[in-house]
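The values are calculated or read from the model by the stated rules, or taken from the named source; none is laboratory data. Everything numeric here is computed off the predicted structure, so don't read it as measured data. Note: ideal-geometry Cβ built from the backbone for every residue, glycine included; neighbour counts use all protein chains shown. Ligands, DNA and RNA are stripped out before the accessible areas are found, and what is left, the full protein with its side chains, is counted by its heavy atoms. Shrake-Rupley method; radii C 1.70, N 1.55, O 1.52, S 1.80 Å.
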Amino acid sequence: MKQVNNEEMKKLIDNKYVCNSKKGYVDKYGNPVGFYRTKNKRYIEDKYVDIAKKLP
């Protein structure tokens, strides 16, 4: 799990890599994504952080 900032999370949602659903964040196939939020920070699976950093 790596820390993700707000802009990177928005990029992932806008490019349809993750989607918010009633089960939490899921990928394009409907599988749950490892996502954890504390008071000040957000954490998501490593592969999604890597994808977000590569997006323009």
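What number comes out for the charge environment of residue 26, summing +1 per Lys or Arg and -1 per Asp or Glu over other residues with Cβ under 13 Å away?
Numbers: positive: 16, 22, 23, 28; negative: 27, 45.
Value of the local net charge: +2.
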- Counting only protein heavy atoms with a 1.4 Å probe and every protein chain in place, the carbon and sulfur fraction of the accessible surface of the chain in whole percent equals 49
- Query: Based on Cβ point charges of +1 for Lys and Arg and -1 for Asp and Glu, what charge dipole magnitude is obtained for the chain about its Cα centre, in debye rounded to the nearest 20?
  - Reply: 180
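Helix-only mean residue ellipticity at 222 nm, the chain, DSSP H runs n ≥ 4 weighted -39,500 (n - 2.57), per residue, nearest 500. What is it? If you can, show how the numbers build up before the last one.
Numbers: 2 runs with 18 residues, N = 56.
Here the helix-only value at 222 nm equals -9000 deg cm²/dmol.
Rounded, prolate or oblate: which fits the chain, taking a ≥ b ≥ c as square roots of the Cα gyration tensor eigenvalues, rounded meaning a/c under 1.5, else prolate when a/b beats b/c?
On the way: a/c = 1.56, a/b = 1.06, b/c = 1.47.
It is oblate, given that a/c is not under 1.5 and a/b is not larger than b/c.
Trypsin sites (Lys or Arg not before Pro), restricted to the range 1-54: which are DSSP loop and have at most 16 other Cβ atoms within 10 Å? Intermediate results must be reported in sequence, preceding the final value.
Values: sites: 2, 10, 11, 16, 22, 23, 28, 37, 39, 41, 42, 47, 53, 54; in loops: 16, 22, 23, 28, 39, 41.
Those satisfying the criteria are 16, 22, 23, 28, 39, 41.
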- Message: I'd like to check one number: the per residue accessible area of the chain, probe 1.4 Å, reported in Å² as a whole number.
- Response: 78
